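Beneath this line is the structure, given in structure tokens, with notes to follow.
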Amino acid sequence: MRVIFAFVLVAFTSVALSADWPMWGGTPARNMVSSMTGAPTEWDVKAGKNVKWVAELGSQSYGNPTVGGGVVLIGTNNELGRDPKQAGDRGVVMAFRESNGEFLWQATFDKLSSGRANDWPFQGIASSPLIADGIAYFVSNRGQVIAADIDGFHDNENHGPYQEEKLTGKNDPDFVWVFDMMEEVGSFPHNLSNSSPVAHGNLLFVSTSNGQDESHVNIPSPKAPSIIALDRTTGKLVWEDNSVEDRILHGQWSTPAVGEVGGVLQVVHAQGDGWVRGYEALTGKKLWEFDTNPKDSVWPKTRNEVISTPVIYENVVYISNGQDPEHGEGVGHAYAIDATKRGDITESGRLWHFDRIRRSISTAAIKDGLIYLADFSGFFHCLDLKTGQLHWTHDMFAAIWGSPMIVGDRVYLGDEDGDIVVVEHGKTLKIVSEQNMGSSVYSTVVPANGTLFVMNRNQLYALQQGAQLQKPSAER
Ligand SMILES: [Ca+2]
Ligand SMILES: [Ca+2]
């Protein structure tokens, strides 16, 4: 049995090398780009045109789809109520079969008894799972880093070391290990733990979401780390860093990226004081730090936190800052940072600064010397990658929560009105199409194996050119 399982793992790994989308951003560098061809550039979710399948989710869904090993994973809440035995508000990760949307299993998590301070009602799971070697790594609404078998109990085997599952039916999750960040490193997540893990080799990097309490003044755990590295096999802590200490402006909701910069493998993380930091990935040694705010800025009016994910591309880190969507619109900043520099590189590492962006929670997409950025005020920008010079801006007329995604020679971006715009990849704005998803899109269009996976607030669509869904799901 063990030998057979090992072969299955090898098969998963080789699939992942082809065209899966096994993590937030597709690769550890988090650049929102795919070379996939043949994706639909228009579709109709009501008529079922170019819709391969649709799956029902909870009422709010923030955990972006990831695709690996023939499985699609998403994070949502429990308002669908798939399992009457697990009722009430919970965070939920659902697994579907990639080929036909068949529901496979779900992991549900009770809300923390401490309530909204740590675990906001009905937000569900906001972590986008990492799929590696047949295991899904994600962060629950309870601040736990979870490793779960992507086959659940469909393989009739309970993987461990974790064996304490009370429910072991086909629809239940098979956990491999659980690392509780609130217990183990004392993190106090502000409103929600949301990090999307990233791995290099056997190391797993996760943001703790440590933050303020509900007073928005006190920091209950100033000694808790911002970022941790875990052993992917055992779930044990390898290193941690707390450079932020008691300077957390609010929460810590950015997620780390990993890449080689100037010959050094770095993990890059944007933290609660509005600074971005680069670490030697294997040891946790801090290499550089960069302040994303002007020195004369004042929280919360002009000084921002960072919620978007850093992108590593050819030795440079690209990042936008912004604030919790609840804080509304305001000024923002985007930067290109030379991550080969060391120490405080706020001045020395600044390659360019784009200050015409508004507060942003979106991650960058880069290809062919162009960078696409989006902001919470609804503006979709295309800049020259080397100079930061603006080529064009498209007004979406609705808040943008997700990130632009380059798929082949098109760029896709969704908004809060549920519209997804498709534009040509290029320095001249050319709109290809716009279609509505039926409810708000808080996520990013995910390309994998010839299909686009698009999540609105309460449904997951698999879009494939030429597909026709015979019985489109009724609108909810
Ligand atoms: Ca299993
Ligand atoms: Ca298990």
Scanning the range 155-184 for residues that are surrounded by 21 or more Cβ atoms within 10 Å (Cβ to Cβ) and out of contact with any strand residue (DSSP E or B) (no Cβ under 6 Å at 6 or more places or on another chain) gives 181, 182
Can you tell me which residue is farthest from ligand 1 (Cβ to nearest atom) among those in the range 179-206 that are over 13 Å from residue 137 (Cβ atoms) and of a type in the set (S, T, N, Q)? 191
In this structure, is residue 193 closer than 20 Å to residue 130 by Cα, among the hydroxyl-bearing types (Ser, Thr, Tyr) and touching a Leu at 6+ places or on another chain (Cβ under 8 Å)? no
Residue list for the range 357-381, filter: of a type in the set (A, V, I, L, M, F, W, C) and either touching a residue at least 60 places away in the same chain (Cβ under 8 Å) or within 19 Å of residue 317 (Cβ to Cβ) (or both): 357, 361, 364, 365, 366, 370, 371, 373, 374
Yes or no: the range 127-147 includes at least one residue that is aromatic (Phe, Trp, Tyr) and either away from ligand 1 (no atom under 16 Å from the Cβ) or touching a residue at least 24 places away in the same chain (Cβ under 8 Å) (or both). yes
Looking at the range 185-203 only, could you name the residues that are surrounded by fewer than 24 Cβ atoms within 10 Å (Cβ to Cβ) and either free of Cβ contacts under 8 Å to residues at least 60 places away in the same chain or in a strand (DSSP E or B) (or both)? 185, 186, 199, 200, 201, 202, 203
Condition (residue is under 29 Å from residue 222 (Cα atoms), surrounded by 24 or more Cβ atoms within 10 Å (Cβ to Cβ) and within 16 Å of ligand 1 (Cβ to nearest atom)) applied to the range 95-112: is it met by at least one residue? no
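Restricting to strands (runs of 3 or more DSSP E) lying wholly in the range 82-134: which have 1 or more residues that are aromatic (Phe, Trp, Tyr)? Steps first, answer last, please.
Numbers: elements: 90-97, 103-110, 130-132.
Because the criterion is at least 1 residues that are aromatic (Phe, Trp, Tyr), the strands (runs of 3 or more DSSP E) in the range 82-134 that meet it are 90-97, 103-110.
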Residue count for the range 177-198, restricted to those that are away from ligand 2 (no atom under 16 Å from the Cβ), of a type in the set (Val, Ile, Thr) and more than 21 Å from residue 69 (Cα to Cα): 1
If I filter the range 165-176 for residues that are at pLDDT 95 or above and more than 14 Å from ligand 2 (Cβ to nearest atom), do I get at least one hit? yes
Verdict on residue 226 being crowded, with 24+ Cβ neighbours inside 10 Å, without any contact (Cβ under 8 Å) to a residue 60 or more places away in the chain and either away from ligand 2 (no atom under 12 Å from the Cβ) or farther than 25 Å from residue 299 by Cβ (or both): yes
Restricting attention to the range 75-89, does a residue exist that is crowded, with 24+ Cβ neighbours inside 10 Å and either among the aromatic types (Phe, Trp, Tyr) or under 17 Å from residue 147 (Cα atoms) (or both)? yes
Go through (1) at pLDDT 95 or above; (2) surrounded by fewer than 24 Cβ atoms within 10 Å (Cβ to Cβ); (3) farther than 30 Å from residue 122 by Cβ one by one and return the number of the condition residue 377 breaks. (3)
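Determine whether residue 92 is under 19 Å from residue 230 (Cα atoms) and either aliphatic (A, V, I, L, M) or away from ligand 2 (no atom under 14 Å from the Cβ) (or both). Reasoning before the result, please.
On the way: under 19 Å from residue 230 (Cα atoms): no; either aliphatic (A, V, I, L, M) or away from ligand 2 (no atom under 14 Å from the Cβ) (or both): yes.
Considered against the rule, which asks whether it is under 19 Å from residue 230 (Cα atoms) and either aliphatic (A, V, I, L, M) or away from ligand 2 (no atom under 14 Å from the Cβ) (or both), residue 92 comes out as no.
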The conditions are (1) more than 15 Å from residue 359 (Cα to Cα); (2) under 22 Å from the mean Cα position of the chain (by Cα); (3) hydrophobic (A, V, I, L, M, F, W, C), and residue 264 fails exactly one of them. Which is it? (2)
Which residue pairs have Cβ atoms closer than 7 Å, lie 6 or more positions apart in sequence or on different chains, and pair a first residue in the range 150-178 that is more than 11 Å from ligand 1 (Cβ to nearest atom) with a second residue that is assigned to a loop (DSSP other than H, G, I, E, B) and at pLDDT below 95? none
Quick check on my filter: what residues within the range 224-243 are hydrophobic (A, V, I, L, M, F, W, C) and within 15 Å of residue 198 (Cβ to Cβ)? 227, 228, 229, 230, 238, 239
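The values are calculated or read from the model by the stated rules, or taken from the named source; none is laboratory data. Here the structure is a predicted model, which means the values were calculated and not measured. FYI the Cβ positions are ideal-geometry reconstructions off the backbone, even for glycines, and counts take in every protein chain you see.
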